[in-house]
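Visitor: Structure incoming, see below.
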Amino acid sequence: MNYKIKCINLTLLIVFIHCLFLGMIFVPNGMQSTYILKENTPDSKLTTSNYDEFSKGNFTGYEFSSYNLSLYLNEDSSTVEGNLTVDFYNNDPVNFTQLPFHIYPSGMQFNTRAGNMDILNVTTVEEPRQQLDFEVFSGIQLMWVNLTSILQPTNRTSFIISFNTTLPDGGIDRANEHGWDYNDTRIFKFASAYPQPCVYDEYDGWNIDPYLLVGDPFYFDMAYYDLIINVPEEMKVAATGELLDNTTTAGRSILHYNPHLPVREATFSASRYFEIESYIIPGIDVNVSCYFLSKSNDLWHEFALDVAVDAFSLYHNTFGDYCYSTFNVVQEYTYYGGMEYPLQVYITESADYYTGSYGRDWYLESIIAHETAHQWFYSLLGVDEVDWGFLDEGIVCWVTDWYKDVYHPDWHIFEPYWGLQKVRQYSIEWGLPNKINQSVPECEISGTNYWYIGYTKANTVLEKLRQTLGHTAFINSLRLFFREFYFEIADLSDLVDMFEIITGDSLDWFFYPWFDNAYLPEYDITNAVFDLATNMLTFTIYDINEHLHQYTYSQLIPVQIYRQFSYLEYEELHWINGSTTLTIDVDQLPNRISLDYSDVKDFVLVQVPNYYIDYFETTNIAIIDSRIPGYDLLVIIFTLSLFAVIVIYKRNHTRIKK
Ligand SMILES: [Zn+2]
């Protein structure tokens with residue numbers, strides 16, 4: 001064999017080995033482009049809803065605990081002396097020998113005067129009153145009352161707790177005394193400031209969590225409340241329930257309030273300087289009242305009441321009956337926006353000075369719409385806000401945005417949906433875990449920002465769910481959730497059940513990854529091959545964070561395919577279930593595949609490389625021809641180039657020899 005033939009044979013051998021090797025690599029995977037919903041399997045923890053009776057005020061045959069609260073406000077010492085008469089009904093299937101109560105004020109923030117609750121004594125109700133044993137654990141803001149006999153299920157026990165609460169000064173918390181008399185700005189706020197009964201449940205036994213500075217760490221059963229509030233005569237009072245009686249003696253007013261129906265807790269606020277505006281909503285017959293300082297008149301006058309009435313009407317007509325006769329929106333001092341209590345919400349006076357880009361009207365309206373929504377999701381439908389705080393906050397934050405969308409369509413609140421960018425920003429800039437479904441203490445342990453998951457991510461994921469299911473199914477699910485757990489306690493699995501009942505499908509594929517994974521998906525593309533014989537482009541979209549997830553994400557991702565000169569050849573949404581291989585018919589030779597997340601209508605929740613790049617793309621596309629075994633355009637080009645080099649070299653070599 002001469003040298004020339006040897007050279008050609010060697011070249012052909014190289015071509016063959018190359019084609020064989022690369023042809024084996026680019027075998028397309030199977031195709032899957034739609035998510036198949038699983039069969040309907042709600043895990044049916046359904047209660048028998050009492051909505052129809054309870055919403056009409058009919059509680060016949062249902063037992064609740066009953067608490068009579070008698071309070072005396074001492075203006076000079078900023079203290080409240082109180083008696084809590086407890087008539088405790090054991091609605092749990094266990095015997096009790098002692099009962100726990102939260103005594104929160106010592107956990108609250110203050111400027112110079114700490115909050116405190118002195119328990120003076122616990123006595124029997126019957127005369128002559130006998131002392132009962134009790135223990136106070138001030139470090140965890142808890143007291144236990146020792147019962148004189150075993151309290152069996154469905155039985156009742158009664159006693160009176162006498163206490164003296166010192167309201168913290170300043171601070172940002174639930175109870176405080178704030179402002180000054182010299183400029184007509186002093187307000188007393190009595191909230192979470194009496195011995196509050198703990199809840200016994202199947203998950204935790206007694207829920208005796210201490211006061212937490214993160215979230216709204218409260219959890220209460222429904223009970224009848226009756227309030228007697230004794231204040232200086234000139235004071236104006238906002239309190240839980242309807243004012244039944246007002247008598248004045250020795251310069252003091254004795255006010256009797258009662259909400260008539262069970263509530264989760266009670267509160268009052270008093271100031272000499274409140275202005276009051278009220279409106280009874282026709283058809284609903286609820287007296288909505290706003291209490292604010294005269295310094296805020298230019299912002300609050302008429303506007304706050306209009307907002308409260310609009311929000312109230314929307315929620316009442318959408319989700320279900322409010323059923324009480326009063327609702328108060330009361331100004332308070334806090335650094336946060338506001339705080340919800342049954343029948344009464346507090347709104348920060350700092351709205352007066354708000355300088356954000358949307359303006360203070362927007363800020364005040366947002367807070368009122370938010371806190372009002374808590375009457376439906378926290379107050380009437382109850383949530384353990386230590387273990388599931390994200391649940392009512394997430395729903396309420398979404399509902400607040402929906403309120404804005406209904407009353408201010410020109411604000412385009414859902415488009416662009418601000419939460420989408422915030423969620424991406426969090427995962428890029430902080431890179432912290434962001435699992436939603438965890439308790440407030442678990443958030444601290446796992447390094448998760450509770451405010452982010454409760455107020456940004458949970459509502460954003462709910463909006464994604466609305467985009468997935470459609471508005472009607474979404475609203476109907478929230479309505480069913482509200483009505484099914486009216487006057488009861490609900491958790492995340494209950495919410496999932498309601499969505500599954502309405503849609504008739506299992507939604508595990510949605511709720512598990514979006515609520516239980518600590519990180520967002522981040523997509524990459526691999527194995528992109530275009531077949532000249534069939535015009536089929538095959539590639540795999542995979543989640544490079546898959547190893548971090550407990551559950552695989554499934555979501556619709558916009559896929560674009562471009563040919564030369566950035567000409568858009570193909571654009572379609574595809575379900576990407578973790579790792580998904582797509583095979584797409586394209587007419588022309590493709591040179592770029594792109595996953596473009598920039599259109600908010602697609603609502604892709606994803607971790608992106610940085611805040612300004614909201615797409616992923618690749619030009620790494622192999623070209624093959626399945627008619628010719630081992631054909632690959634790149635390999636052919638490479639091999640022909642190699643062949644050309646060898647031929648040129650050979651020719652030159654031959655010439656030199658000559
Ligand atoms: Zn809230």
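Visitor: Between helix 633-657 and the chain, what is the angle of the helix's C-alpha long axis to the longest principal axis, kept within 0 to 90° and rounded to the nearest 10?
Guide: Tilt of helix 633-657: around 40 degrees.
Visitor: Still on this structure, please answer the following. When DSSP assigns beta bridges and you keep just the ones with both residues in the chain, what percent turn out antiparallel, to the nearest 5?
Guide: Taking every DSSP beta bridge within the chain, about 80 percent pair in antiparallel fashion.
Visitor: Follow-up. Give me the number: length gained by fully extending Thr540 to Asn155, i.e. 0.36 nm times residue separation minus the C-alpha to C-alpha distance, one decimal in nm.
Guide: So the chain would gain 132.3 nm between Thr540 and Asn155.
Visitor: Moving to a separate point now. Multiply the residue separation of Trp411 and Tyr353 by 0.36 nm, subtract the distance between their alpha-carbon atoms, and state the gained length in nm to one decimal.
Guide: Numbers: separation 58, 0.36 × 58 = 20.88 nm, distance 2.21 nm.
Gain on stretching Trp411 to Tyr353: 18.7 nm.
Visitor: What Kirkwood hydrodynamic radius, in Å, does the stretch 66-272 give when the mean of 1/r is taken over all pairs of distinct Cα atoms and then inverted?
Guide: Result for the stretch 66-272, one decimal place: 17.7 Å.
Visitor: Hey, another quick one. So what is the relative contact order for the chain, in percent, with contacts set as C-alpha pairs under 8 Å and at least six apart?
Guide: Computed value for the chain: 13 percent relative contact order.
Visitor: Another question, then. Based on DSSP H runs of at least 4 residues, each adding -39500 (n - 2.57), what is the mean residue ellipticity at 222 nm of the chain after dividing by all its residues, to the nearest 500 deg cm²/dmol?
Guide: Taking each H run of at least 4 residues, the total per residue is -8000 deg cm²/dmol.
Visitor: Once R0 is set to 41 Å, what does the formula 1/(1 + (r/R0)^6) return for the Cβ-Cβ distance between Val214 and Thr526, expressed as a FRET efficiency to the nearest 0.05?
Guide: Working: r = 41 Å, r/R0 = 1.01.
Taking R0 as 41 Å, the efficiency between Val214 and Thr526 is 0.50.
Visitor: Now for a different question. Whole angstrom only: what separates the Cα centroid of the stretch 225-273 from the Cα centroid of the stretch 529-547?
Guide: Between the Cα centres of the stretch 225-273 and the stretch 529-547 lies a distance of 69 Å.
Visitor: Using each residue's phi in the stretch 264-277, evaluate 6.51 cos²θ - 1.76 cosθ + 1.60 at θ = phi - 60° and report the 3J(HN,Hα) Karplus result to the nearest Hz, with x for Gly and Pro.
Guide: Per residue, the Karplus-derived 3J(HN,Hα) values read 8, 5, 9, 8, 8, 9, 9, 7, 6, 10, 5, 9, 10, 10 Hz.
Visitor: Can you give the extra length, in nm with one decimal, that the chain gains between Ser598 and Gln98 once fully stretched, where that is 0.36 nm per residue apart less the Cα-Cα distance?
Guide: Answer, rounded to one decimal: 174.2 nm.
Visitor: Residues with beta-carbon under 12 Å from that of Leu556, excluding Leu556: net charge, scoring Lys, Arg +1 and Asp, Glu -1?
Guide: -1
Visitor: Going by C-beta contacts inside 10 Å, put Ser641, Ser192, Ser49, Ser77 in order with the fewest on the left.
Guide: Lowest count first: Ser641, Ser77, Ser49, Ser192.
Visitor: Separation between the Val647 and Ser566 pseudo-spin-labels, each 7 Å from Cα along Cα→Cβ, expressed in nm?
Guide: 3.8 nm
Visitor: Right, next: Tell me which residues come under 5 Å, amide H to amide H, from Leu132 once H is placed; ignore anything under 5 positions away on its chain.
Guide: Answer set, sorted by chain and number: Val122, Thr123, Thr124.
Visitor: Please list 3J(HN,Hα) in residue order for the stretch 427-444, calculated via the Karplus relation 6.51 cos²θ - 1.76 cosθ + 1.60 where θ = phi - 60°; whole Hz, with x for glycine and proline.
Guide: Those phi angles translate into 6, 7, 7, 9, x, 7, x, 9, 5, 7, 7, 8, 6, 4, x, 4, 4, 5 Hz.
Visitor: Got a sec to turn the phi values of the stretch 502-519 into Karplus ³J(HN,Hα) couplings, 6.51 cos²θ - 1.76 cosθ + 1.60 with θ = phi - 60°, whole Hz, x for Gly and Pro?
Guide: So the Karplus estimates, Gly and Pro as x, are 5, 8, x, 10, 5, 10, 4, 4, 8, 5, 4, x, 6, 9, 10, 7, 8, 9 Hz.
Visitor: Order the peptides 507-516, 539-548, 325-334, 449-458 from the highest to the lowest mean number of other Cβ atoms within 10 Å of their residues.
Guide: Put in order of decreasing packing, that is 325-334, 449-458, 507-516, 539-548.
Visitor: Another question about this same structure. Could you work out the relative contact order of the stretch 66-272? I mean the mean sequence separation of Cα pairs under 8 Å and 6+ apart, divided by the number of residues, in percent.
Guide: For the stretch 66-272, the relative contact order is 24 percent.
Visitor: Set the Förster distance to 56 Å, then compute FRET efficiency between Ile254 and Ser493 from the Cβ-Cβ distance, nearest 0.05.
Guide: 0.75
Visitor: Compute the acute angle (0 to 90°) between the alpha-carbon long axis of helix 471-484 and the principal axis of greatest extent of the alpha-carbon atoms of the chain; round to the nearest 10°.
Guide: 40 degrees
Visitor: Please determine, in degrees from 0 to 90 and to the nearest 10, the orientation of helix 303-319 with respect to the longest principal axis defined by the Cα atoms of the chain, where the helix direction is its Cα long axis.
Guide: Around 70 degrees separate the two axes.
Visitor: Obtain the radius of gyration and the Kirkwood radius of the chain from its C-alpha atoms and give Rg over Rh.
Guide: 1.15
Visitor: Let me ask another. Just to confirm a number: summing +1 for Lys and Arg and -1 for Asp and Glu over residues other than Asn287 whose beta-carbon lies under 12 angstrom from that of Asn287, what do you get?
Guide: With Lys, Arg at +1 and Asp, Glu at -1, the neighbours total -3.
Visitor: Continuing with this model, one more query. Relative contact order for the stretch 519-643: what is it in percent, counting Cα pairs under 8 Å that are at least 6 residues apart?
Guide: This gives 28 percent for the stretch 519-643.
Visitor: Where Lys and Arg each count +1 and Asp and Glu each count -1, what net charge lies around Asn155 among other residues with Cβ under 12 Å from its Cβ? Show your work: numbers first, answer last.
Guide: On the way: positive: Arg156; negative: Glu63, Asp87, Asp92.
Taking every other residue near Asn155 into account, the sum is -2.
Visitor: Another one. With r as the distance between the Cβ atoms of Ile140 and Asp181 and R0 = 22 Å, compute the FRET efficiency 1/(1 + (r/R0)^6) and round to 0.05.
Guide: Here the calculated transfer efficiency is 0.05.
Visitor: Now for a separate question. Neighbour counts of other C-beta atoms within 10 Å: give me Glu385, Glu275, Glu63 arranged from fewest to most. Numbers along the way, then the final one.
Guide: Values: Glu385 23, Glu275 17, Glu63 11.
In order of increasing Cβ crowding within 10 Å: Glu63, Glu275, Glu385.
Visitor: For Asp76, Asp173, Asp245, Asp401, which order do you get if you count the other beta carbons within 10 Å of each Cβ and list the fewest first?
Guide: Asp76, Asp245, Asp401, Asp173
Only the coordinates and a few stated rules stand behind these numbers; no lab work does. Given the structure is predicted, the values throughout are model-derived calculations rather than measurements. Counting neighbours? That spans all protein chains shown, and the Cβs are built from the backbone with ideal geometry, glycine included.
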